[in-house]
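Read through the structure below, which is laid out as structure tokens, and then see the notes.
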Amino acid sequence: MLSEVKFTLNGKKIIYQGDPLRRLLDVIREDLGFTGTKEGCSEGECGACSVIKDGRLVTSCIIPIGACNGSDILTIEGIRDTEKGECIVSAFAEGGAVQCGFCIPGMVMAAYYLLENNPNPTEEEIRMGISGNICRCTGYDLIVDSIALAAKKGAELWKK
Amino acid sequence: MSYTKISDKIERVDARTKARGEAMYVCDMTLPNMLYAYMVRSTCPRGKILKIDVPNLPKGYKFITADDIPQKGNNELWMISKDWRAFAKDYVLYVGETIGLLVGPDRTVLKYLRDNIHIEYEPEEPAVTIDDGIASKGGPMFPEKGNNVFCSLHCEKGRPMEEVFREADEIFEETLETGYQEHVHLETNGAIVTMEDGKFVFYASAQCPFYIRKSIAGLLGISTDDIVVRQCTTGGAFGGKEHFPDVLCGPLLVAENVIRKPIKLIFDREEDTQFSVKRHPSKCVYKTALKDGKIIGMDAKVYYNVGAYLSSSFVVLQRGIFHANGVYNIPSTHLVGEGIGTNTFPTCAFRGFGAPQTIFAVETHMDHIAHHLGVDPLEFKKDYIIKQGEETVTNGHIIEEVKLPEMLDVVTKEADYWRKAKEYTPGCGKGIGISMYLHGGAFTGNGEQAIIKAHARLVRTGDRVRIEVGSTEMGQGFQTTLRKIAANTLQLPIENIDYNNPDTSKVVDSGPTAASRSTMIVGKLVERAAEEMKRRWDEGDITTEVEYEHPEGYPWDQSTFRGDAYLGWGWGVACVEVEVDKLTNEVKTVGIWTSHDIGHPIDELIVHGQVNGGIIQSLGYASMEKLENKNGFFRQKRMSDYVIPTSMDFPRQFYHLQENPYPWGPQGAKGMGELVFNGADAAYVDAVERALGTTFNSIPIPPEDIEEALKKNAQ
């Protein structure tokens with residue numbers, strides 16, 4: 001069964017024609033070539049494939065593309081050159097949040113979502129905000145610090 | 001970017017590209033006309049292969065097996081020995097053993113074909129646990145020897161054990177065990193093979209590109225120079241990508257020889273969890289001779305579950321034995337290690353490389369002796385801390401000053417250890433635990449000189465200098481550390497130093513990226529090459545290349561395992577505080593304090609990240625990372641049932657570095673990547689034991705296992 005799905009990815013209109021059960025992750029990575037979104041676990045556990053869909057942080061490995069008709073989807077490629085995206089990327093670099101880096105694009109998406117909804121989070125709120133994103137390298141402390149740094153450095157940015 | 005001291009924090013050179021999602025991992029690469037591969041694996045833990053039924057393959061699809069290995073090739077991967085078959089043929093030794101590689105253009109079709117290949121076995125009884133292996137369950141794996149012993153060694157120090165045990169007024173004996181651990185590098189294993197100018201070219205997620213070449217060339221009977229390995233950005237490894245990439249690249253090489261088109265093989269998480277190497281489960285029997293409340297001797301028998309092939313296990317076992325007395329100087333010791341074969345997926349390198357198992361055992365054993373004697377564990381343990389010049393278990397000596405007493409001062413003060421240790425009475429629900437640990441840096445003894453013969457090369461072009469080594473970045477910060485060492489020595493801005501992920505046709509072999517040796521050994525080589533370049537700067541665009549030289553006067557005999565096993569050890573102290581809900585046995589960790597002596601840090605931010613990550617991996621190992629093998633099958637198959645720590649599981653860590661520059665390391669640095677894994681597990685168990693007033697003899701201890709131990713101990 002083929003179907004047509006219309007959605008927006010990083011501001012660009014996309015018309016998908018194909019299997020509605022194909023994973024959003026595969027459409028993003030393979031059909032559209034945005035490889036910044038990573039596949040870590042394939043079951044919505046690790047958060048490496050996190051994207052923002054209609055204002056919510058989701059794991060794209062467990063979302064069929066058929067559920068994306070009319071959706072507005074944002075990946076790391078869609079935020080990294082924005083002021084807010086650059087603020088998080090810089091804070092991650094400065095704060096030592098990045099080691100192997102495989103979880104990091106997803107982690108940046110989680111941080112973006114958190115700060116969009118809570119410009120001045122406590123440490124506990126940051127830990128909660130990235131609790132769906134697994135990192136095997138860092139033990140999380142420096143990621144938490146980097147998100148706090150992004151909140152501080154971005155200040156006014158996040159209140160917009 | 002400018003900085004004044006080598007240890008000053010700088011921004012990692014790879015941070016932005018990774019955070020922006022621009023770094024290219026092997027899974028992100030697509031080559032023109034690329035085909036895909038799926039592994040077909042054994043579903044039988046031990047038995048004969050009677051029949052392989054392959055459905056009719058559509059045009060463009062191939063099923064590659066051992067029969068595709070050419071006449072002049074051998075069906076073996078050359079890791080340390082040559083026992084691991086690239087493809088199982090006639091018989092299988094474990095679940096997950098590679099039988100064939102299905103190759104073709106469409107992954108949906110490939111999956112369908114994979115699910116429709118039927119293999120008939122004549123099953124035999126498998127040996128799964130260490131005890132099974134010791135008993136040669138199902139018949140010995142080595143009929144000529146009549147047992148399952150892959151490898152063994154022993155070390156002796158001091159007086160004969162019989163004499164010591166005769167003198168003892170008490171003997172404290174117990175068995176301590178550790179479980180499997182899966183690496184869970186967030187990027188699964190993967191590789192691509194293609195042809196370029198008549199050579200086989202690999203793109204791989206790997207720690208050791210030169211290992212791959214050496215390991216697989218024999219499959220086609222070709223020279224290592226006919227194979228080029230290019231490392232891709234590697235999304236975590238922790239030892240899981242030291243030898244294991246050979247298991248992907250070997251079959252890919254055989255397939256490429258037949259198909260001659262680019263082929264990509266990426267494991268999904270379920271494959272990576274069930275069908276990749278793991279940390280060795282261990283069983284250690286410690287027997288300690290006490291006289292007037294003092295230890296006079298220690299006898300330990302250490303068993304590691306090797307699985308069905310040797311891979312690096314003998315070296316892992318050696319390191320286990322060399323660390324089997326932890327940080328302690330015990331007057332007389334007798335340590336025996338055996339690597340036991342079983343019909344399970346082979347175990348291999350994992351951060352710590354055999355040391356964590358014995359350190360957990362000796363540290364927990366020491367705590368139990370202290371409880372038995374009714375003294376505070378730290379009070380008891382600190383009397384045995386080894387000092388500079390004292391004899392190690394291999395009859396060598398500790399060359400450096402041991403700063404553990406200073407480190408204990410920092411940690412006990414920050415954690416308020418002495419007050420809490422008194423106030424939290426056994427079983428009160430609150431507990432504080434403390435451990436000490438060490439890790440020998442780099443290859444054992446003179447291995448760096450005798451076996452590795454590492455090289456490093458620098459190439460100058462105008463005001464830019466390129467580092468050409470085979471050592472890899474896998475997340476540990478090596479790209480930045482290495483550039484910093486070169487920049488600092490040459491007094492150039494770090495932006496003028498180039499380093500690319502290694503391509504074996506373009507760089508010199510600086511040895512594997514393993515054994516906490518990259519900064520300590522390769523960093524030193526780069527420093528020496530840079531010193532030479534600086535001296536000869538007036539000569540213009542020159543190349544400098546240096547080879548490792550072992551310092552004189554530190555003998556090592558690899559046949560008897562005697563001598564100075566390590567020139568520099570890393571040292572650590574970890575303190576963990578917990579609160580246990582006595583109804584549910586849920587453990588909440590409320591404090592973590594650590595101090596580490598790593599010589600001198602090259603970059604404090606990188607080191608900080610390594611410490612934090614290693615400690616959390618170790619706490620996961622102790623508390624929640626349960627991986628069981630039943631009848632040859634792993635019961636935990638994915639990330640939802642093999643659980644690793646999230647950001648909510650452990651609190652912020654207090655972190656301290658003890659300055660103690662190492663004379664033979666670059667800028668005073670020693671190895672540190674593995675050290676930070678080696679001891680927090682024991683501190684956690686100590687804390688939970690005190691909180692519950694009980695003892696544990698194995699890890700991990702998730703709540704259900706705590707429940708069981710409490711019931712058992714109450715009986």
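For region B:123-164, how many residues are among the small types (Gly, Ala, Ser), touching a Pro at 6+ places or on another chain (Cβ under 8 Å) and more than 28 Å from B:Thr394 (Cα to Cα)? Summing the residues that are among the small types (Gly, Ala, Ser), touching a Pro at 6+ places or on another chain (Cβ under 8 Å) and more than 28 Å from B:Thr394 (Cα to Cα) in region B:123-164 gives 2. The set of residues in region B:261-280 that are within 14 Å of chain A (Cβ to nearest Cβ) and not in a loop (DSSP other than H, G, I, E, B) comprises B:Lys264, B:Ile266, B:Arg269, B:Glu270, B:Glu271, B:Asp272, B:Thr273, B:Gln274, B:Arg279. All of B:Ile616, B:Ile644, B:Ile592 fail the test of being in contact with a Pro (Cβ under 7 Å, 6 or more places away or on another chain) and outside any helix (DSSP H, G or I), apart from B:Ile592.
Quick grid of which residues meet (1) modelled with pLDDT of 95 or more; (2) more than 23 Å from B:His243 (Cβ to Cβ); (3) of a type in the set (A, V, I, L, M):
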position: B:Asn148; (1), (2), (3): yes, no, no
position: B:Cys151; (1), (2), (3): yes, no, no
position: B:His154; (1), (2), (3): yes, yes, no
position: B:Ala168; (1), (2), (3): yes, yes, yes
position: B:Val193; (1), (2), (3): yes, no, yes
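The residues of region A:1-25 that are out of contact with any Pro (no Cβ under 6 Å at 6 or more places or on another chain) and either closer than 19 Å to A:Ala111 by Cβ or in contact (Cβ under 8 Å) with a residue 60 or more places away in the chain (or both), listed by number, are A:Val5, A:Lys6, A:Phe7, A:Thr8, A:Leu9, A:Asn10, A:Gly11.
Taking the options B:Gly297, B:Gly339, name whichever one is modelled with pLDDT of 95 or more and under 20 Å from the mean Cα position of the chain (by Cα).
None of the others qualify; the one that does is B:Gly339.
Note on region B:7-61: among residues that are away from chain A (no Cβ under 14 Å) and touching a Gly at 6+ places or on another chain (Cβ under 7 Å), the one that is surrounded by the fewest Cβ atoms within 10 Å (Cβ to Cβ) is B:Gly60.
Based on what the data block shows, is A:Ile28 touching a residue at least 40 places away in the same chain (Cβ under 8 Å), farther than 22 Å from B:Pro645 by Cα and outside any helix (DSSP H, G or I)?
On the way: touching a residue at least 40 places away in the same chain (Cβ under 8 Å): yes; farther than 22 Å from B:Pro645 by Cα: yes; outside any helix (DSSP H, G or I): no.
Spelling it out, it is not the case that A:Ile28 is touching a residue at least 40 places away in the same chain (Cβ under 8 Å), farther than 22 Å from B:Pro645 by Cα and outside any helix (DSSP H, G or I).
Residue-wise test of (1) touching a residue at least 24 places away in the same chain (Cβ under 8 Å); (2) among the aromatic types (Phe, Trp, Tyr); (3) out of contact with any Phe, Trp or Tyr (no Cβ under 8 Å at 6 or more places or on another chain); (4) surrounded by fewer than 20 Cβ atoms within 10 Å (Cβ to Cβ).
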site: B:Ala370; (1), (2), (3), (4): no, no, no, yes
site: B:Pro377; (1), (2), (3), (4): yes, no, yes, no
site: B:Gly389; (1), (2), (3), (4): no, no, yes, yes
site: B:Gly427; (1), (2), (3), (4): yes, no, yes, yes
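A count restricted to region B:494-515 and to residues that are touching a helix residue (DSSP H, G or I) at 6+ places or on another chain (Cβ under 8 Å), buried (at least 17 other Cβ atoms within 10 Å of the Cβ) and either free of Cβ contacts under 8 Å to residues at least 60 places away in the same chain or part of a strand (DSSP E or B) (or both) stands at 3. All conditions but one from (1) farther than 23 Å from B:Ala691 by Cα; (2) crowded, with 16+ Cβ neighbours inside 10 Å; (3) of a type in the set (Val, Ile, Thr) apply to B:Thr560; the one that does not is (2). Filtered by the rule that a residue be crowded, with 17+ Cβ neighbours inside 10 Å and outside any loop (DSSP other than H, G, I, E, B), region A:1-25 gives A:Val5, A:Phe7, A:Leu9, A:Ile14, A:Tyr16, A:Arg23, A:Leu24, A:Leu25.
Tell me yes or no: at least one residue of region B:186-193 is over 25 Å from the mean Cα position of the chain (by Cα) and within 30 Å of B:Gln71 (Cα to Cα). Within region B:186-193 (the criterion being over 25 Å from the mean Cα position of the chain (by Cα) and within 30 Å of B:Gln71 (Cα to Cα)), the answer is yes, since at least one residue qualifies.
crowded, with 18+ Cβ neighbours inside 10 Å, in a loop (DSSP other than H, G, I, E, B), in contact (Cβ under 8 Å) with a residue 12 or more places away in the chain and not aliphatic (A, V, I, L, M): which single residue out of B:Lys637, B:Lys626 fits that description? Give the steps one after another, and end with the answer.
Values: B:Lys637 fails: crowded, with 18+ Cβ neighbours inside 10 Å.
When all the criteria are applied, what remains is B:Lys626.
Could you please let me know if B:Val607 is within 13 Å of chain A (Cβ to nearest Cβ), over 25 Å from B:Tyr180 (Cα atoms), crowded, with 20+ Cβ neighbours inside 10 Å and not charged (D, E, K, R)?
Numbers: within 13 Å of chain A (Cβ to nearest Cβ): yes; over 25 Å from B:Tyr180 (Cα atoms): yes; crowded, with 20+ Cβ neighbours inside 10 Å: yes; not charged (D, E, K, R): yes.
Answer is yes for this residue.
Here B:Trp571 meets the list (1) surrounded by 24 or more Cβ atoms within 10 Å (Cβ to Cβ); (2) among the aromatic types (Phe, Trp, Tyr); (3) farther than 30 Å from B:Cys155 by Cβ almost entirely, failing just condition (3).
Of everything in region B:408-425, what is surrounded by 17 or more Cβ atoms within 10 Å (Cβ to Cβ) and closer than 12 Å to B:Ala574 by Cα? Give them in sequence order.
The answer is B:Leu408, B:Val410, B:Val411, B:Thr412, B:Ala415, B:Tyr417.
Yes or no: B:Ile644 within 20 Å of A:Cys137 (Cα to Cα) and either touching a Lys or Arg at 6+ places or on another chain (Cβ under 7 Å) or among the β-branched types (Val, Ile, Thr) (or both)? So that I can check it myself, show each step before the final result.
Numbers: within 20 Å of A:Cys137 (Cα to Cα): yes; either touching a Lys or Arg at 6+ places or on another chain (Cβ under 7 Å) or among the β-branched types (Val, Ile, Thr) (or both): yes.
Yes: the conditions hold for B:Ile644.
Hey, among B:Lys712, B:Lys637, which residue is within 14 Å of chain A (Cβ to nearest Cβ) and over 19 Å from the mean Cα position of the chain (by Cα)?
Just one listed residue meets the conditions, B:Lys637.
Among the residues of region A:6-56 satisfying the criterion of being within 17 Å of B:Gly21 (Cα to Cα) and aliphatic (A, V, I, L, M), which is nearest to the other protein chains (Cβ to nearest Cβ)? Among those residues, the one meeting the criterion is A:Ala48.
Only one of B:Glu527, B:Glu549, B:Glu577, B:Glu545 is assigned to a helix (DSSP H, G or I) and charged (D, E, K, R). Can you tell me which? Don't jump to the end; show me each part of the working.
Working: B:Glu549 fails: assigned to a helix (DSSP H, G or I); B:Glu577 fails: assigned to a helix (DSSP H, G or I); B:Glu545 fails: assigned to a helix (DSSP H, G or I).
Testing whether each residue is assigned to a helix (DSSP H, G or I) and charged (D, E, K, R) leaves just B:Glu527.
If you go through region B:465-514 one residue at a time, how many are of a type in the set (Gly, Ala, Ser) and touching a Ser or Thr at 6+ places or on another chain (Cβ under 8 Å)? Step through it out loud before you land on a result.
Step one: of region B:465-514, the residues of a type in the set (Gly, Ala, Ser) are B:470-471, B:475, B:477, B:486-487, B:505, B:510-511, B:514.
Remaining after also requiring touching a Ser or Thr at 6+ places or on another chain (Cβ under 8 Å): B:470-471, B:475, B:510-511.
Qualifying residue count, region B:465-514: 5.
Among the residues making up region A:36-89, those that are in contact (Cβ under 8 Å) with a residue 60 or more places away in the chain, more than 11 Å from the chain's Cα centre (by Cα) and either in a helix (DSSP H, G or I) or under 20 Å from A:Asn118 (Cβ atoms) (or both) are A:Ile65, A:Gly66, A:Cys68, A:Glu83, A:Lys84, A:Cys87, A:Ile88. B:Phe650 - would you say it is at pLDDT 95 or above, within 14 Å of chain A (Cβ to nearest Cβ) and more than 30 Å from B:Ala127 (Cα to Cα)? Yes: the conditions hold for B:Phe650.
In region B:80-134, the qualifying residues are those that are basic (Lys, Arg) and part of a loop (DSSP other than H, G, I, E, B), and the one that is surrounded by the fewest Cβ atoms within 10 Å (Cβ to Cβ) is B:Lys82. Of everything listed in (1) in contact (Cβ under 8 Å) with a residue 40 or more places away in the chain; (2) crowded, with 20+ Cβ neighbours inside 10 Å; (3) within 8 Å of chain B (Cβ to nearest Cβ), the single unmet condition for A:Glu94 is (2).
For beta carbons closer than 6 Å, sequence separation of 6+ or different chains, a first residue in region A:97-110 that is more than 7 Å from chain B (Cβ to nearest Cβ) and within 15 Å of B:Met474 (Cα to Cα) and a second that is among the β-branched types (Val, Ile, Thr) and buried (at least 24 other Cβ atoms within 10 Å of the Cβ), the qualifying pairs are A:Ala97/A:Ile143.
The values are calculated or read from the model by the stated rules, or taken from the named source; none is laboratory data. This one's a predicted model, so the numbers in the text were calculated from it and none came from an experiment. Cβ sites come from the backbone with ideal geometry, for glycine too, and all protein chains shown count toward neighbours.
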